[in-house]
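**Student:** Below: one structure in structure tokens.
The values are calculated or read from the model by the stated rules, or taken from the named source; none is laboratory data. These figures come from a predicted structure and were not determined experimentally. Cβ atoms come from the backbone with ideal geometry, glycine included; neighbour counts cover every protein chain shown. Ligands, DNA and RNA are excluded from the accessible area calculation, which covers all protein heavy atoms including side chains. Shrake-Rupley method; radii C 1.70, N 1.55, O 1.52, S 1.80 Å.
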Amino acid sequence: MDKQDVPQDVGLAGRMREVTYAVNAQGRYEAVPSYGWAPKTVALEQAWERILQRLEAVRAQVAAGELSPLAWHMERHQMNPGLLAGYVGLSRWRVRRHLKARVFRRLKPALRARYAAVFGIAPEALGRVPEDPGLVFLANRE
Amino acid sequence: MEIAFQHRQSAHCESGVAANLLSHHGVGLSEALAFGIGAGLFFAYLPFIRLNQLPLTTYRIATGGILRRVTRRLGVGLRMVCYRRPARAMADLDARLAQGLPVGCQTGGYWLPYFPPAYRFHFNMHNLVVYGRDGDDYLVSDPIFETPVRCARADLERARFSRGALAPRGRMYFVERTPSAPDLRKAVVDGIREVCRIMTRTPVCLIGVRGIRLLASRLEGWPARLGAERTRLHLGQLIRMQEEIGTGGGGFRFMYAAFLQEAAGVLEKPALLGFAERMTAVGDQWRLFAAAGARNCKGRATAADDFPAMAARLRHCADLEEGLFRELEAAVAADSRALRARGQGAGTRPAG
């Protein structure tokens, strides 16, 4: 790739530029900063689209009383029961149980606090599903 | 407290940390040189390992490998430590900083607050250098960022003890010994030979140029086997592995071309410049493949972007890389023999 061909397309990374290796006019390689490349952004957007879709599906299940709000927070942080179990220091099957709305309602405050600490939220917030997942990305050069 | 540490932005975190850390200790290296000596270039299609429930494709060797090989080949003593208790890990980090040593840390990118939100995924192999502390903030040289950043103590601790696959367990490393006269020529030749060997002669069909060909034939079957939506996801993941953060473009191929250019200077071997140009051409082919893939993801594919055409482009990449690495191996074989003879001759060969 030639230096003048290094793409500077709008990406999702805000004002951050990443290094791309490209050949300058003298035929030597240089590390050239790049704002983004459209095909790469397409792939990244697609990954987020999928995460947001899953999040909305879980929200509906929580509203229907099938899953606990914990399931939404887990999904919001791109975790599965295994990973969350590692962070909260419980066994996987206990985390799976806590994803049930019925079990979660009777969950002890101490355990709620441990979950909340993993997500960096207040223990009271754990029992609610916020309207806005708080996943906003800045397109660059805004 | 702040150590005078030169931050240089890099494409890839591991090669960047290796180059910056070693340069700090007087073994001056560019990122590309560290990547080449560390034999970072690779290809593997590993459909049985799932990332976000999609097959893993990798364009670089297993994490940690670059750092390990660079330090071994240059004779740098790197001490690597893991921890069970976070408090101990942070105390040790402080102690090393107090000794004036910049410390490399393996972290989980998800928990680093300075990451752009769109890049925050659970990824446990992110390397950075801590070079100072200002109250509750650590001064961090994260090689993929343009300038040094700050990270609060609690956030760094959490990132160092992220969970999941390949959890870092507080892993940190620092340079203990540096060689008086590192043998750069031998390191470069050994790095080149290792990449040539892995890419062309690994007896496993998932790895090297055979892996690229396997991916080509699997990719051709995706639309029939997976349906439109899953195919889109598989393609997207493939493009991300190839182009997203840390590859320097074209699945590390451009960075490797930059390395070959530098290697030509180190070995005083202008023939390597021709190989660098060919490597660039391979990188360009990979870029075209990614662009076609993205058009498919977007539903904007033209007739030239169909799956047989994309598979053909992958096979073309495989052919180019196979020819390149076979000839490259032959080109450095003589240097390798000469360096080996010189190394042995130093002590064992009788005079006369």
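**Student:** Out of the residues in the range A:15-28 that are touching a strand residue (DSSP E or B) at 6+ places or on another chain (Cβ under 6 Å) and surrounded by fewer than 20 Cβ atoms within 10 Å (Cβ to Cβ), which is farthest from the other protein chains (Cβ to nearest Cβ)?
**Tutor:** Here the answer is A:24.
**Student:** Let me ask another. I'm told residue A:58 meets every condition in (1) assigned to a loop (DSSP other than H, G, I, E, B); (2) within 15 Å of the chain's Cα centre (by Cα) except one. Can you identify the failing condition by its number?
**Tutor:** (1)
**Student:** How many residues are free of Cβ contacts under 8 Å to residues at least 24 places away in the same chain and of a type outside the set (Lys, Arg) if we restrict to the range B:176-226?
**Tutor:** 9
**Student:** Could I ask something else about it? Looking at the range B:140-168, I want the residues that are within 13 Å of chain A (Cβ to nearest Cβ) and without any contact (Cβ under 8 Å) to a residue 24 or more places away in the chain and have a partner that is in a loop (DSSP other than H, G, I, E, B) and among the acidic types (Asp, Glu) with Cβ atoms under 9 Å, at least 6 apart or on another chain. Which pairs are those?
**Tutor:** From the range B:140-168, the pairs are B:154/B:136.
**Student:** Still on this structure, please answer the following. Right, residue A:31: touching a residue at least 12 places away in the same chain (Cβ under 8 Å), in a loop (DSSP other than H, G, I, E, B) and facing chain B (nearest Cβ under 9 Å) or not?
**Tutor:** Values: touching a residue at least 12 places away in the same chain (Cβ under 8 Å): yes; in a loop (DSSP other than H, G, I, E, B): no; facing chain B (nearest Cβ under 9 Å): yes.
So residue A:31 does not fit the description; no.
**Student:** Can I ask one more? Is it fair to say residue B:240 is assigned to a helix (DSSP H, G or I) and closer than 18 Å to residue B:11 by Cβ? Spell out how you get there, then give the answer.
**Tutor:** Working: assigned to a helix (DSSP H, G or I): yes; closer than 18 Å to residue B:11 by Cβ: yes.
Yes: the conditions hold for residue B:240.
**Student:** Take the residues in the range A:48-64 that are touching a Phe, Trp or Tyr at 6+ places or on another chain (Cβ under 8 Å) and open to solvent by 20 Å² or more (accessible area, probe 1.4 Å); name whichever of them is farthest from the other protein chains (Cβ to nearest Cβ). Talk me through it step by step, then tell me what you get.
**Tutor:** Of the residues in the range A:48-64, the ones touching a Phe, Trp or Tyr at 6+ places or on another chain (Cβ under 8 Å) are A:48, A:55, A:58-59, A:62.
Pick out the ones that are also open to solvent by 20 Å² or more (accessible area, probe 1.4 Å) and you get A:59, A:62.
Details: A:59: 20, A:62: 22 Å.
By that ranking, first place goes to A:62.
For every residue, the table says whether it meets (1) within 30 Å of residue B:206 (Cβ to Cβ); (2) touching a helix residue (DSSP H, G or I) at 6+ places or on another chain (Cβ under 9 Å); (3) assigned by TED's automatic domain parsing to the domain that holds residue B:209.
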site: B:60; (1), (2), (3): yes, yes, no
site: B:65; (1), (2), (3): yes, yes, no
site: B:79; (1), (2), (3): no, no, no
site: B:110; (1), (2), (3): yes, yes, no
site: B:115; (1), (2), (3): no, yes, no
site: B:130; (1), (2), (3): no, yes, no
site: B:133; (1), (2), (3): no, yes, no
site: B:138; (1), (2), (3): no, yes, no
site: B:152; (1), (2), (3): no, no, no
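**Student:** Related question: For the range B:280-287, check the following and say yes or no: at least one residue is more than 22 Å from residue B:45 (Cβ to Cβ), within 9 Å of chain A (Cβ to nearest Cβ) and touching a residue at least 12 places away in the same chain (Cβ under 8 Å).
**Tutor:** Yes.
**Student:** Another question, then. May I ask you to verify whether residue B:139 is crowded, with 22+ Cβ neighbours inside 10 Å and not in a loop (DSSP other than H, G, I, E, B)? Can you show your working first?
**Tutor:** Values: crowded, with 22+ Cβ neighbours inside 10 Å: no; not in a loop (DSSP other than H, G, I, E, B): yes.
Answer is no for this residue.
**Student:** Also: Tell me whether the range B:121-133 contains one or more residues that are touching a residue at least 24 places away in the same chain (Cβ under 8 Å) and of a type in the set (Ser, Thr, Tyr). Walk me through it before giving the result.
**Tutor:** We begin by selecting, within the range B:121-133, every residue touching a residue at least 24 places away in the same chain (Cβ under 8 Å); these are B:122, B:124-133.
In the following step, the residues that additionally are of a type in the set (Ser, Thr, Tyr) were identified as B:131.
Yes, the range B:121-133 contains at least one residue that is touching a residue at least 24 places away in the same chain (Cβ under 8 Å) and of a type in the set (Ser, Thr, Tyr).
**Student:** Go through (1) more than 14 Å from chain A (Cβ to nearest Cβ); (2) touching a Leu at 6+ places or on another chain (Cβ under 8 Å); (3) without any contact (Cβ under 8 Å) to a residue 40 or more places away in the chain; (4) not small (Gly, Ala, Ser) for residue B:268 and report which single condition fails.
**Tutor:** Of (1) more than 14 Å from chain A (Cβ to nearest Cβ); (2) touching a Leu at 6+ places or on another chain (Cβ under 8 Å); (3) without any contact (Cβ under 8 Å) to a residue 40 or more places away in the chain; (4) not small (Gly, Ala, Ser), only one is false for residue B:268: (2).
**Student:** Sticking with this one: Considering the range B:142-151 alone, what residues qualify as being open to solvent by less than 40 Å² (accessible area, probe 1.4 Å) and touching a Phe, Trp or Tyr at 6+ places or on another chain (Cβ under 8 Å)?
**Tutor:** Of all residues in the range B:142-151, those open to solvent by less than 40 Å² (accessible area, probe 1.4 Å) come to B:142-145, B:149, B:151.
Selection gives B:142, B:145, B:149, B:151.
**Student:** Take the conditions free of Cβ contacts under 8 Å to residues at least 24 places away in the same chain and away from every other protein chain (no Cβ under 11 Å) and apply them to residue B:291. Does it pass?
**Tutor:** Working: free of Cβ contacts under 8 Å to residues at least 24 places away in the same chain: yes; away from every other protein chain (no Cβ under 11 Å): no.
No.
**Student:** With the structure loaded, tell me whether residue B:277 is open to solvent by 20 Å² or more (accessible area, probe 1.4 Å), among the acidic types (Asp, Glu) and within 13 Å of chain A (Cβ to nearest Cβ) or whether it fails that test.
**Tutor:** Numbers: open to solvent by 20 Å² or more (accessible area, probe 1.4 Å): yes; among the acidic types (Asp, Glu): yes; within 13 Å of chain A (Cβ to nearest Cβ): yes.
Yes.
**Student:** Moving on. Checking the structure you have, find out if any residue of the range B:262-284 is under 25 Å from the mean Cα position of the chain (by Cα), of a type in the set (Phe, Trp, Tyr), in a helix (DSSP H, G or I) and under 22 Å from residue B:10 (Cα atoms).
**Tutor:** no
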